[in-house]
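Everything below concerns the one structure shown next.
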Amino acid sequence: MARRIMKRTVCAKSIFELWGHGRSAGELYASLKNYPMDKMLPYLQPDSTYKIRIHTFNKTLTQAQKIKKIDALEFLPFNGKVNLKNPEHVFWILEDYGMDPNNVPEEPFDLYFGRWIADGQRELIESYSVKKRHFIGNTSMDACLSFIMANHGRVKPNDIVYDPFVGTGGLLISSAHFGAYVCGTDIDYNTIHGLGKASRKNQKWRGPDENIRANLRQYGLEKYYLDALVSDSSRPVWRKGMLFDAIITDPPYGIREATRRTGSQKESVKSAERSTENHIFISSNYHLSDIFFDLLKFAAEYLVMGGRLVYWLPIYRPEYTEEIIPRHPCLKLISNCEQMLSSHTSRRLITMEKVKEYKDQDQNSYLLDDQYMPYRGHNSFREKYFSGVTKRIAKEEKDNQK
């Protein structure tokens, strides 16, 4: 089970079976002597090979110091042979010297000894870095966060994963890495087709190989790419039925990308009076409240039972309460994790699971109540975000004048 977790996670570096812990070398050795011998012996047999490694946090040890610490463990019944290149079992001494690089203590605050089980997938952050990616945009998702979202969505081989605000397809890549077939939609024609101005510095226009398909091809994942369509998420184009195993997305907040949907010149405030004439050619403001509740309604209708919706919700922190998290009777809230953006704003990674089949009576169950007031205004989050930025700049200017 531990190895299966570590094959997926980008948040953990390694996992160990802890044999001993102490706040000094003496405490560590006493802890090791109290560890049950029957749990140690299977890994200390004469026909086995092993090696011992030392890792220090916030301090560098000389080779002589490392050897001295390893030799001090001679009281443990290591009966196997040392093999530094390809051992069967690897044991680690971990020493924690705190977090302050300017005040490193002589002795560690904590010492640990254990058997290495597995490493996490931290290398994926570098190998899938957006810095090396063919096609990026202003809001391309960080590789680490993309894999975290795929894990929250429990993406597995042969799933179908959908992103209704696909952009440059960053969230599709992490899902395809885990063997899922991926597709998406976006209202921006230029982004879907890889046209227009480039987002990279010192590059004016996008090249011929800058598109979502090329991104998946770059990582050897093109076979998992179904397609990306120019489409408005407020007007679903899909046939009725449960189509997707996971919906993983990062809706626009109106900061780096505008919140838009298709409209018409005859469009009225009342949705019942909307006209479809010429609506493709005209875009109108898409209120944040409408974005999130359209998203929840779509997930309730198109997710398979047990499927997951994973998305980012922007928050103005002084006004945040649990009650403003959008809800739907067909979706159960699984997790709510915060990522700080500034002192007054953050975004929350919301994970929901479909637990009830969508019925026609659920169609309007997402309508706004009073607790959702912070999301009613199209520009409310944008205004609050930039009001904080303006105040900070003014404060810095005032401090510089003193």
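The values are calculated or read from the model by the stated rules, or taken from the named source; none is laboratory data. Here the structure is a predicted model, which is why all the values come from computation and not from measurement. Because the Cβ atoms are built from the backbone with ideal geometry, glycine has one as well, and the counts that use them run over all protein chains shown. Accessible surface is based on the protein model in full, side chains and every heavy atom, while ligands, DNA and RNA are left aside. Shrake-Rupley method; radii C 1.70, N 1.55, O 1.52, S 1.80 Å.
Just for the stretch 1-144, what percent of DSSP beta bridges are antiparallel, to the closest 5? For the stretch 1-144, the DSSP antiparallel bridge percentage is about 60.
Computed over protein heavy atoms with a 1.4 angstrom probe, the accessible surface ordering of Cys330, Cys11, largest first, is Cys11, Cys330. In this entry, the stretch 97-172 is assigned a mean projected area of 9.0 nm², taken as a quarter of its C-alpha convex hull surface. Gyration tensor analysis over the Cα atoms of the stretch 14-122 returns equivalent ellipsoid semi-axes of 24, 16, 14 Å (largest first, whole Å). When the trypsin sites (Lys or Arg not before Pro) in the stretch 1-106 are filtered for DSSP coil states and for at most 10 other beta-carbon atoms within 10 Å of their beta-carbon, the remaining sites are Lys85. Computing FRET efficiency as 1/(1 + (r/R0)^6) for Arg217 and Asp360, where r is the C-beta to C-beta distance and R0 is 35 Å, gives about 0.25.
Residue ranges 300-313, 193-206 sort as 300-313, 193-206 when ordered by packing (mean number of other C-beta atoms within 10 Å per residue, highest first).
Distance distribution note for the stretch 185-228: the fraction of Cα pairs above 11 angstrom is 68%.
Pairs from the table (Lys69/Lys131; Lys13/Lys354; Lys240/Lys332; Lys131/Lys156) lying more than 30 angstrom apart at Cα are Lys69/Lys131; Lys13/Lys354.
Quick check: net charge around Val155, other residues with Cβ under 10 Å of its Cβ, Lys/Arg +1 and Asp/Glu -1? Its environment carries a net charge of +2.
Hey, with R₀ at 30 Å, roughly what FRET efficiency would Arg239 and Trp205 work out to, going by the Cβ-Cβ distance, to 0.05? Write out the running numbers ahead of the final one.
Working: r = 37 Å, r/R0 = 1.23.
Step by step, r from the Cβ atoms, then E = 0.25.
Calculated translational diffusion coefficient of the stretch 289-332 (37 °C, 0.692 mPa s; Stokes-Einstein with Kirkwood radius over alpha-carbon pairs) equals 283 µm²/s.
Computed over protein heavy atoms with a 1.4 angstrom probe, the accessible surface ordering of Asp38, Asp100, largest first, is Asp38, Asp100.
So, counting K/R as plus one and D/E as minus one, what does the shell of residues with Cβ under 9 Å around Ala180 add up to? Summing Lys/Arg as +1 and Asp/Glu as -1 gives -1.
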